[in-house]
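The values are calculated or read from the model by the stated rules, or taken from the named source; none is laboratory data. Just so it is clear, the model here is predicted, and its values are computed rather than measured. In this analysis, Cβ positions are derived from the backbone assuming ideal geometry, glycine residues included, and neighbour counts consider all displayed protein chains. Heads up: the accessible areas ignore ligands, DNA and RNA and are worked out on the full protein's heavy atoms, side chains in. Shrake-Rupley method; radii C 1.70, N 1.55, O 1.52, S 1.80 Å.
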Amino acid sequence: MTLVQNFPFFCIILSMFSAILSFVMPQKVAKYIHIAMVSAVFVLSLGTLSYVAGTGESYTFMMGHFPAPWGNEIRVGVLEALMAASFSIIMLLSVFGGMAHVEREVPNSRKSLLYILLDLLMASLLALIYTNDLFTAYVFIEINTIAACGLIIVKKQGRTYVSAIRYMIMSLVGSGLFLIGLSLLYGTTDHLLMSPAKEALDEIFAAGVYHIPFVVIAALIVIGLGIKSGMYLFHTWIPDAYGYTTPTCSAILSSLVSKGYIFLMIKIFFRVIGFDSIISRYLVNILFVLGLIGMIMGSIAAIKEKDIRRMTAFSSVAQIGYIYMGIGLGTTAGVVAALFHVVAHGIMKSQLFISISGLIDVSDGKQDPHSLRGAGYRSKIAGVAYTTASMSMIGIPLFCGFVSKYLFASSAMTASSGKLIAAWIVLGISTILNTIYFMRMVIAIYMPVDAEMRKAHGIVPSRTEAVAMAGMILFNIAVGVMSPPIIQALESGIAMFG
């Protein structure tokens, strides 16, 4: 085994070791440890991506001395390496973009804790991406949940405690359902590693037995991960969780945490249950319908909001609906579109929350459209970052959001005629609704104001924050312009899943 094949394992261990090391370090040292760790994960993930793309084959890495099916494994392919690289750069930019807010808003006694939680969150996301073991996935789901709750309340504000409790309750319900499904799956297959479990299920399907138990298992897993990812009907925790914590935490929670659960669901569909089996049991139809409803209802809720941060949080409900709609199409093209949107939405949402914090800072901390009038003049970089992210969310060409909507529209053509018509109609309506609430804010921040109103009323974004926002803008455009190789990598990664 070559050195580069060890990189994914190094990334997970490095993230966890950073959390342990930061526990005994001062907050400034903990901050630099986290930045160094995420930077190293990004570089190692790029190296891994280059290797697996060059070989064209996935591989498994055995941890410990016991081979499958008794030992624990991680599995590495193009898709996993691409997601790890994307998640790490989004986290790095989000940390830099909200660093000044952390210094101002987080008590000194909690700053080290913040970076410890971010380290654990990075470790859990990487484990969900790479793991080939279902019980290991469950363990890191719980680590992810605990870290996310800690990030919500780290600001030490009354509303954040309520938000964290609501998030914890919903997450525990989701985790419980997932664990029950996992237990039933183990009782049926006698395996927890993904590949042996799939082989056992294939034999069961060939024998034509356990139809009802299988539907129950798949439904429990889907509902459990759906609750944790904020799928419509289970989304009520999102506005408070994303809307009241620090900008860094809002950016990371909205752009990465939910996506880790969605990626795990897709892995289980392809590597354990079998996507054809999911389609034949009509489970994708439920995801399709809930995705379409979420696209509309999330956008309507966002239009009703007057608080810019809660508006952006509600838009996440709609965007997660896009992802489930793509999966629900029941085609490989739909899954490719969903996975591309996992990356694109991560970029756009982190850019939105970081730029919003810059606009609020120069508007006396106020978050309503009236108070934000002229904010784009008071903080030019925040205004440009918010505008470009909004244009991307709407689907303007050049940005990654346009590619997402194009992929969803084109992938609908590979589905049945009923799904094609429904997907196109809802895509059109959703785009109109996106335009209403995002352009309303863009118009507000660039509304003509007098010279006095053009002066910053508050704190101007620091140089670090400005550089981070510029990096997010460039990243957004780069993914939009260079989408063909990314799409090709997603397609080859899904092929490797088989």
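How much of the accessible area of the chain, in percent, comes from carbon and sulfur atoms when a 1.4 Å probe is used? Ligands and nucleic acids excluded, carbon and sulfur give 70 percent. Here the dipole of the stretch 392-498 is about 100 debye; that uses its Cα centre as origin and unit charges on the Cβ of Lys and Arg (positive) and Asp and Glu (negative). Ordered from largest to smallest accessible area (heavy atoms of protein chains, 1.4 Å probe), the residues Val78, Val384 come out as Val384, Val78. Accessible surface comparison of Phe23, Phe178, probe 1.4 Å, protein chains only, largest first: the order is Phe23, Phe178.
Remark: the stretch 213-337 carries 21 Å² of accessible area per residue (probe radius 1.4 Å; ligands, DNA and RNA excluded). Solvent-accessible surface of the stretch 63-182, taken per residue with a 1.4 Å probe and all protein chains present: 32 Å². Solvent-accessible surface of protein heavy atoms, probed at 1.4 angstrom with all chains present, puts Ser483, Ser109 in the order Ser109, Ser483, largest first.
Between Ile20 and Glu199, residue separation times 0.36 nm minus the direct Cα-Cα distance comes to 60.6 nm. For the stretch 6-144, the spread of Cα coordinates along the three principal axes comes to 48, 30, 20 Å, biggest extent given first. Protection proxy ranking for 140-147, 347-354, 304-311, using the average of other Cβ atoms within 10 Å per residue and placing the highest first: 347-354, 140-147, 304-311.
Relative protection proxy for 274-282, 27-35, 318-326, from highest mean packing down: 318-326, 27-35, 274-282 (other beta-carbon atoms within 10 angstrom). In the stretch 145-202 the Cα-Cα distances spread across 5 Å bins starting at 0 as 4, 18, 19, 13, 9, 11, 10, 9, 6, 2, 0 percent of all pairs. Taking a ≥ b ≥ c as the square roots of the eigenvalues of the Cα gyration tensor of the stretch 44-120, is the shape rounded (a/c under 1.5), prolate (a/b larger than b/c) or oblate? Oblate, because a/c is 1.5 or more while a/b does not exceed b/c. Could you work out how far helix 78-97 tilts from the main Cα principal axis of the chain, as a 0 to 90 degree angle to the nearest 10? Taking Cα atoms only, the helix is inclined about 20 degrees.
Mean sequence separation of contacting Cα pairs (under 8 Å, at least six apart), scaled by the length of the chain, corresponds to a relative contact order of 15 percent.
Using a cut-off of 23 Å between Cα atoms, the listed pairs Lys349/Lys380; Lys31/Lys155; Lys31/Lys366 include Lys31/Lys366 as exceeding that distance. Here the calculated FRET efficiency for Tyr59 and Thr236, from their Cβ-Cβ distance with R0 = 56 Å, stands at 0.85, rounded to the nearest 0.05. Annotation: Cα Rg of the stretch 174-245 relative to the compact-globule expectation 2.2 N^0.38 Å equals 1.39. Normalised radius of gyration (Cα atoms, divided by 2.2 N^0.38 Å) for the stretch 85-236: 1.25. Computed over all pairs of different Cα atoms, the Kirkwood value for the hydrodynamic radius of the stretch 269-320 is 12.4 Å. For the pair Ile303 and Leu3, the difference between a 0.36 nm per residue extended length and the Cα-Cα distance amounts to 102.9 nm. Over the chain, DSSP H runs of length four or greater, each weighted -39,500 (n - 2.57), average out per residue to a 222 nm ellipticity of -25500 deg cm²/dmol.
For the pair Ile443 and Ser280 in one chain, pulling the backbone fully straight at 0.36 nm per residue adds 54.0 nm over the alpha carbon distance.
Each pair of Cα atoms in the stretch 341-498 enters the Kirkwood radius, and Stokes-Einstein at 25 °C and 0.890 mPa s then converts it into a translational diffusion coefficient of 145 µm²/s.
Separation of the stretch 275-349 from the stretch 407-441 is 11 Å, based on Cα centroids. Computed over the chain, the range of Cα coordinates on each principal axis works out to 76, 56, 43 Å, biggest value leading. Taking the C-alpha atoms only, the angle from helix 134-153 to the longest principal axis of the chain is near 10 degrees.
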